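First up is the structure itself, then whatever we jot down about it.
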Amino acid sequence: MSTIRIAVTGLGNMGERLVYHWLPLYADQAEVVAVCDADGDKRSRAVAATGASEYEAAEYIRMLDEIKPDLVYIAVPPAFHYDAALAAFERGIAVFCEKPLANSLDEAHALLKCGAESGKLHAVHFSFPQEPAVLQLGQWVNEGKIGAIRELELLLHFPQWPRAWQQNSWISTRHQGGFILEVGVHWIHMIQQVFGEITHVQSHVIYPDDPQQCETQVQATLTLENGLRVQLSGHSGQAEQERVSLLVHGEQGDIALENWEQLYWNETDQAPQQVEPSISPEQSHLPIFGEIVKLLHGQTGRIYDFYDGYNAQVVLEALRQPASESDVDVRPLYIRREQ
């Protein structure tokens, strides 16, 4: 394969990021040959920037059949991931899908099965575990920088949901929106990568009376395979400012990953101090799009595949739609990679 031919479906924030920010970094190795979206203005801008063919949202299947791309980037809302990815696999096309993998656990399971059987690359756009601050956090945990870990706290606090820059028709719906799904899935996956498997979920979610609206509050406990507990506190409409953070409490101090990328450390009874990660660019496999380009060119690359997407969705759905408020063992639902 010389130049990788990419079709993009969905020109929201992430679709446009690929077209305007990531693609120029790999212009000698990959090209966008088609874009698909309901918004004609967004399509026109993308076509002007790439020379790609344009298709309306309803023409997605026709786009795949006519263009026959090597890779399709699925950046449409979660409710459309299943149909979009399935159609690509049926045509022998590799898939790079935005998170969450699907809109239900059954859909995620079916997509994992199709992806594994297709023999084609299947990747979910999880990048958080490769961020320098997270890599540094994992390194410190492995080195015992704060001694034995006692407990973790995950805070998802939003003054409003959706956020001001995030207005669209689906992100506040119970069906495919909400901060647990949109934001929490990143942290679930990161915890699974850095701290180990989540074995039990105990969750209590508060929803508005309107059955169409997403959650306003969640209190949950995630138990890890080593017995550690992650206390999750999430709410919207209560905080004065947004706080999306993980606090790691150890016997000799604490580590805080504040608002995605600010890393703090303190010894017991000392004030936290912000620390810049000492992670080299070579250690961080970002952007994930670049890793996909490597893999499609037959090189070594670091991605998170549909197994990662499905296993994160196991926990995601246990949080969003708890079967009970007691501990639920999610281990029987996980699917392991075949060796």
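The values are calculated or read from the model by the stated rules, or taken from the named source; none is laboratory data. Since the model is a prediction, treat every value here as computed from it, not as a measurement. Note that each Cβ is placed from the backbone with ideal geometry, even for glycine, and that neighbours are counted across all protein chains shown. Just the protein is used for accessible areas: all its heavy atoms, side chains included, with ligands, DNA and RNA removed. Shrake-Rupley method; radii C 1.70, N 1.55, O 1.52, S 1.80 Å.
Peptides 196-209, 38-51 ordered by packing proxy, namely the average of other Cβ atoms within 10 Å per residue, highest first: 196-209, 38-51. Here the accessible area is traced with a 1.4 Å probe on the protein chains. For the range 1-61, carbon and sulfur cover 46 percent of it.
Spacing of the modelled spin labels on Glu225 and Asn259, each 7 Å from Cα toward Cβ, amounts to 3.5 nm. Using C-alpha pairs under 8 Å with a sequence gap of at least 6, the mean separation divided by the residue count of the range 1-48 gives a relative contact order of 47 percent.
Normalised by the number of residues in the chain, the mean separation of alpha-carbon contacts (under 8 Å, six or more apart) gives a relative contact order of 18 percent. Per residue, the solvent-accessible area of the range 233-315 (1.4 Å probe, heavy atoms of protein chains only, all protein chains present) comes to 48 Å².
The gain in end-to-end length when the Gln29 to Glu56 segment is fully stretched comes to 7.1 nm, 0.36 nm per residue minus the alpha carbon separation. Would you please state the base-10 log of I(q)/I(0) at q = 0.18, 0.28 1/Å for the range 252-320, with intensities from the Debye formula using one equal scatterer on every alpha carbon? With one equal scatterer per Cα and no solvent, log10 I(q)/I(0) is -0.93, -1.10.
Just to be sure I understand: of the beta bridges DSSP finds with both ends in the chain, what percent are antiparallel, rounded to 5? Around 60 percent antiparallel, to the nearest 5.
With a Förster radius of 25 Å applied to the C-beta separation of Ile206 and Asp106, the computed FRET efficiency comes to 0.50.
Going through [x] 24.4, 82; [y] 20.3, 64; [z] 33.0, 99, the figure that equals Rg and Dmax of the Cα atoms in Å as computed for the structure here is [y]. On full extension, the segment bounded by Gln321 and Arg243 gains 25.7 nm, given 0.36 nm per residue less the C-alpha separation.
Note on the chain: helix-only mean residue ellipticity at 222 nm, from DSSP H runs of 4+ residues weighted -39500 (n - 2.57) and normalised by residue number, equals -8500 deg cm²/dmol.
Once the Cα-Cα distance is subtracted from the 0.36 nm per residue extended length, the Thr173 to Gln139 segment shows a gain of 8.5 nm.
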